[in-house]
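To keep things clear, I will list the structure first and then write my remarks on it.
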Amino acid sequence: VIRCRAAVAWAQGKPLSVEEVEVAPPKAREVRIKLVATGICRTDEHLLQGCFPNAEFPVIPGHEGAGIVESVGEGVTSMNPGDKVIPLCLPQCGECSFCRNPESNYCQKSHFCEPQNLLPDKTSRFSCKGKQIHHFLWVSTFAEYTVVPEYAVAKIDAAAPLDKVCLFGCGFSTGYGAAINTAKVKPGSTCAIFGLGGIGLSVVMGCKAAGASRIIAVDINKGKFAKAKELGATDCINPRDFKKPIQEVLTEMTGQGVDYSFEAVGHADTMIAALASCNMSTGVFVMVGELDSGSEISIDPTLLLTGRTWKGTVLGGWKMRQCMPKLVSSYLEKNFNSDLLITHTLPFAEVNEGFELLRAGKSIRTVLLF
C-alpha cells in the first residue's frame, strides 16, 4: 500500500480537500501509475456540481493525466514499471462488439454502459480516514498514484513531456478528433465552433489540420478570440454583438450555412443554434459539449428533414488505446502544437485555485504538477 496525496471530493458542491490517501497495489490485469501531471477539465466540474451521471461520493476526480508505471499486477503484458503512460477514461477492452467494430471507438466497459466508480471487480483501490473512496472513470488522476485496468492505459513514447501530453487524456483528443474523425472535415470546407475552451480550441486545430478554408469561432468571451486566431480561426464572432439569432448571422456570412458546426459548450440552446447554422442539406453538426445529467432538448424536426446530420462524439472518435501512442508521436513530430492550450501551470496543492480559474473563464487549460 502506498500513502500519498490526493484531492478528495467528499460531497457534491464542496471544495476539493487535499488528503493523505492509501492506494492499494494493483490486482491481476491492473496497473499502478505514479502521476506526473493532470489537466483540469470541465467534466471534473460537472462531477463536483453533481451533474455527472451515476457518479458517487466521496470520489477522487480527474481524468486527464499522464504518468509513469510504478507496478503491474499479474498477467499484465503490454507495459512494465518505468514506462510512460496515459490513463484512459474511455477504455478499450478489445473484446466487446463495439471494440471489435472498426468504425466504433466506444467500449461497453465505459461509464455510459456501467459506472466506472469502482474497478471491474467492484472494489476500490483508494481509502482515506478508514473510508472507501470511489474512482472517477477508473482513472482518478487527482492523486499522486492511481490504479487502472490494463485496457484503460496506453503506453506512449518515452520522449513525450508528460506535463504537456496529459491533455491527450481528454481535452485535446476530444476536440481535435471531433473534426478529424467524427465530422471528417473536408479540405476547402467551412466550419463553425461554438465555445472556445480547451475542447473548442482543439476543434479549431482539427479543422485547420483537415484543410478547412473558413473556421468561424463563436464565443461570448472575447478574451478567447486571440488564442482562437493563433490556432487557426479565420473569423471570431460574439453572439451578443448581434440582434438576430447567431444561426442567421452564420448563414448570412456563408451564404447557405457552414458545412460543419461543433458545439463545445454543453448548453441546449447553443446546440440547437449550432445545428441550425450548418447548411440544410449536407451540413453536419457534431455535439461535443456535455449536457447536465437528465437534460432534454426540443428541436424543430424540419431542421433534420432536409438532410442535416446530428452526430455525437466521445473522446473524438479515437480508439483510445491503439490511437493514443500515434497521437503522441504526431505531437512529437510537431504536426500540431497543443501546448498553446495550456494557459496556467500550478502545483497540485492549488487544485481549487485551478477550478476557480476555470469557472471565471480565465484559463483554457490548467495543468497541475505533482
### Task
Would you check if Tyr151 is open to solvent by 10 Å² or more (accessible area, probe 1.4 Å), of a type in the set (Ser, Thr, Tyr), touching a residue at least 60 places away in the same chain (Cβ under 8 Å) and assigned to a loop (DSSP other than H, G, I, E, B)?
no
### Task
Output the residue which, of all residues in the range 186-224 that are of a type in the set (Ser, Thr, Tyr) and open to solvent by less than 40 Å² (accessible area, probe 1.4 Å), is nearest to Leu341 (Cα to Cα).
Ser202
#### Entry: Criterion: part of a loop (DSSP other than H, G, I, E, B), more than 19 Å from the chain's Cα centre (by Cα) and of a type outside the set (A, V, I, L, M) - qualifying residue of Asn352, Asn335
Asn335
### Task
Specify the residue that is least open to solvent (accessible area, probe 1.4 Å); the eligible residues are those in the range 124-135 that are part of a loop (DSSP other than H, G, I, E, B) and farther than 15 Å from Arg32 by Cα.
Gly130
### Query
Based on what the data block shows, is Ala158 outside the structural domain of Gln92 (by the TED database), in contact with a strand residue (DSSP E or B) (Cβ under 6 Å, 6 or more places away or on another chain) and either in contact (Cβ under 8 Å) with a residue 60 or more places away in the chain or not in a helix (DSSP H, G or I) (or both)?
no
### Message
So, in the range 111-123, how many residues would count as being in contact (Cβ under 8 Å) with a residue 60 or more places away in the chain and either in a strand (DSSP E or B) or out of contact with any Phe, Trp or Tyr (no Cβ under 9 Å at 6 or more places or on another chain) (or both)?
### Response
2
### Query
Quick one: in the range 33-83, which of the residues that are open to solvent by 10 Å² or more (accessible area, probe 1.4 Å), assigned to a loop (DSSP other than H, G, I, E, B) and among the charged types (D, E, K, R) is nearest to Ile342 (Cα to Cα)?
Asp83
### Summary
Residues of the range 190-210 being of a type outside the set (Val, Ile, Thr) and touching a strand residue (DSSP E or B) at 6+ places or on another chain (Cβ under 6 Å), in sequence order, are Cys191, Ala192, Phe194, Leu196, Gly198, Gly200, Cys207
### Message
Within the range 247-270, take every residue that is without any contact (Cβ under 8 Å) to a residue 40 or more places away in the chain and in a helix (DSSP H, G or I) and give me the one that is farthest from the chain's Cα centre (by Cα).
### Response
Glu252
### Task
Starting from residues that are surrounded by fewer than 24 Cβ atoms within 10 Å (Cβ to Cβ) and of a type outside the set (A, V, I, L, M, F, W, C), keep the ones in the range 158-181 and report whichever is farthest from Ile342 (Cα to Cα).
Asn181
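The values are calculated or read from the model by the stated rules, or taken from the named source; none is laboratory data. None of these values were measured; they are calculated from a predicted model. When we count neighbours, we look across all protein chains shown, and the Cβ atoms used for this are built from the backbone with ideal geometry, even at glycine. Quick note on the areas: whole protein, heavy atoms, side chains included, nothing else; ligands and nucleic acids left out. Shrake-Rupley method; radii C 1.70, N 1.55, O 1.52, S 1.80 Å.
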